[in-house]
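Q: I'd like to ask you about the structure that follows.
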Amino acid sequence: MRWSYPLVVSLVFFLAVSLPALAGGAAVFPDGSVLEQSGAAFLCLPGQPEAAQDQTSGICEVNGTLYSVGDDSGQIFRFAVDPPYLNFCEGLRVPHWRGDLDLEELTYLAPVGEFVVSFENRDTKLQFVRVEGATVALNREVRLELPPSYQRGGSIGPEGLAFDPESRILMVGWEGFPAFRGPWRYLSLYRLHLGEHGVTSVDFLRHVRLPDGIRSCCGLYFDPELRALLVLDRNRDVLCVFPRFSPLALVEAKAPRYSWNPRIEISFQGIRDGLGREYCHLSFEGVTVGADGTLYLVTDPWRSPDFSTYRPLDEAQLDSYYRSYVPQLVWFRGFRERLGDWIAFRYW
């Protein structure tokens with residue numbers, strides 16, 4: 001039997017990347033190839049779990065620093081990691097924000113140096129803010145247009161944010177409900193008008209249903225280098241990737257359901273915490289890809305889908321505080337390069 005050169009190359013590539021990760025967790029591509037987990041950290045300072053008394057939601061990286069938001073505290077968290085804990089953590093807020101705000105997601109608008117934050121539960125809106133040192137200044141606020149079946153101020157709302165700097169379109173992902181007759185998962189598209197000092201105005205464009213198979217939308221990221229949209233599905237523990245995705249084409253499409261093909265589904269196996277123990281429940285709440293191509297995933301408190309089971313931070317510390325309130329961060333170095341190769345190999 002003679003082997004063609006492309007077939008040999010394909011076989012070598014498959015064998016090189018498809019062996020299961022032995023020492024830790026892995027992100028698993030549809031063909032069975034894996035990218036090994038690079039690290040993990042508890043989102044609290046060593047010996048100070050009160051620094052993480054919140055449900056973190058959303059994640060983004062700006063100039064090497066990580067940012068997240070709190071579901072319960074109404075704070076923007078700025079931090080760096082020193083596994084298995086944080087190196088530092090600062091809680092920031094706009095001065096007039098209430099203490100019980102339900103912040104769900106944030107993303108960074110690099111052209112103007114602002115963040116946009118989504119609100120849920122009493123406040124179905126976006127706020128554009130600028131972080132300068134230890135202060136957070138509010139630029140403007142936008143009340144979100146509701147997709148079908150959603151209610152303003154409900155607990156099912158805008159869980160994902162992603163920004164395309166080329167088209168200047170902001171994408172808002174609506175969580176949805178996995179059960180029959182619940183609100184569907186939607187992507188809402190807005191055009192941002194940017195001035196010298198930030199966002200000057202916002203125009204609503206349209207709602208588009210996310211494709212069948214996505215049971216929840218709890219995190220979004222748009223990669224401007226790969227032109228790929230990442231949708232994190234907490235209910236299925238998968239990361240859905242839509243390569244060569246064009247928000248502008250989706251806005252203009254007469255039949256947007258065809259804009260979602262192809263789709264890559266990346267699942268996760270054997271995810272480990274900062275002390276090397278395997279996760280019981282993933283409960284992912286946010287996704288981003290850093291400037292160096294690292295994939296970051298953040299969880300809210302490590303809990304089961306029915307909220308009945310929590311995993312303590314350390315087996316020697318079995319108090320209810322650690323069980324309930326310490327969220328997690330995991331990361332995969334080389335993700336952008338691996339995903340780019342995977343896309344080019346199959347969709348060139």
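None of the figures in this text is laboratory data; all of them are computed from the coordinates on show. Because the structure is a prediction, the values reported are computed rather than measured. Here the Cβ positions follow ideal geometry from the backbone for every residue, glycine too, while neighbour counts run over all protein chains shown.
Q: Count the net charge of all other residues whose Cβ sits under 12 Å from the Cβ of Pro158, scoring Lys and Arg as +1 and Asp and Glu as -1. Display every interim value, and only then the final one.
A: Details: positive: Lys125, Arg143, Arg152, Arg185; negative: Asp102, Glu104, Glu105, Glu120, Asp123, Glu145, Glu159, Glu175.
Within the 12 Å Cβ shell, the charges total -4.
Q: OK, next. Let me check I've understood the local charge: for Pro224, count other residues with C-beta under 14 angstrom from its C-beta, Lys and Arg +1, Asp and Glu -1. What total comes out?
A: Numbers: positive: Arg168, Arg227, Arg244, Arg336; negative: Glu61, Asp164, Glu166, Asp223, Glu225.
Taking every Cβ under 14 Å from that of Pro224, the sum is -1.
Q: Let me spell out the model: positive unit charges on the Cβ of Lys and Arg, negative unit charges on the Cβ of Asp and Glu, origin at the Cα centre of the range 25-347. What dipole size does that give, in debye rounded to 20?
A: Details: 32 positive and 43 negative charges, 216 e Å.
I would put it at about 1040 debye.
Q: Right, next: Based on Cβ point charges of +1 for Lys and Arg and -1 for Asp and Glu, what charge dipole magnitude is obtained for the range 119-232 about its Cα centre, in debye rounded to the nearest 20?
A: The calculated dipole for the range 119-232 is roughly 440 debye.
Q: Compute the distribution of all C-alpha to C-alpha distances in the range 92-140, in bins of 10 Å from 0, and list the percent of pairs in each, rounded to whole numbers.
A: Reading the bins upward from 0: 25, 60, 15, 0.
Q: Would you please classify the overall shape of the range 25-347 from the alpha carbon gyration tensor, given that a ≥ b ≥ c denote the square roots of the eigenvalues, rounded means a/c under 1.5, and beyond that prolate means a/b larger than b/c while oblate covers the rest?
A: Working: a/c = 1.43, a/b = 1.15, b/c = 1.24.
Verdict is rounded for the range 25-347.
Q: Separate question: Let me know the shape class of the range 205-283, please: from the alpha-carbon gyration tensor, a ≥ b ≥ c as square roots of the eigenvalues, rounded when a/c is under 1.5, otherwise prolate if a/b is greater than b/c, or oblate.
A: The shape class here is prolate.
Q: Please go through the range 78-113 and write out the trypsin sites (Lys or Arg not before Pro) that DSSP classes as loop and that have at most 12 other C-beta atoms within 10 Å.
A: Arg98
Q: What residues qualify as long-range amide H neighbours of Asn139, i.e. H under 5 Å apart, gap of 5 or more or another chain, H built at 1.01 Å from N?
A: Counting only residues 5 or more places away or on other chains, the set is Phe128, Val129, Arg130.
Q: Continuing with this model, one more query. Note down the nm distance, to one decimal, between modelled labels 7 Å out along Cα→Cβ at His193 and at Arg181.
A: Taking the two extended label points, one gets 4.4 nm.
Q: For a quick check of your reading of the filter: which GluC sites (Glu not before Pro) in the range 194-302 sit in a DSSP loop and have no more than 11 other Cβ atoms within 10 Å?
A: Of the GluC sites (Glu not before Pro), the ones in loops of the range 194-302 whose Cβ has at most 11 other Cβ atoms within 10 Å are Glu196, Glu225.
Q: Where in the range 237-289 are there trypsin sites (Lys or Arg not before Pro) that are in a DSSP coil and have at most 11 other Cβ atoms within 10 angstrom of their Cβ?
A: Within the range 237-289, the qualifying trypsin sites (Lys or Arg not before Pro) (loop, at most 11 other Cβ atoms within 10 Å) are Lys254.
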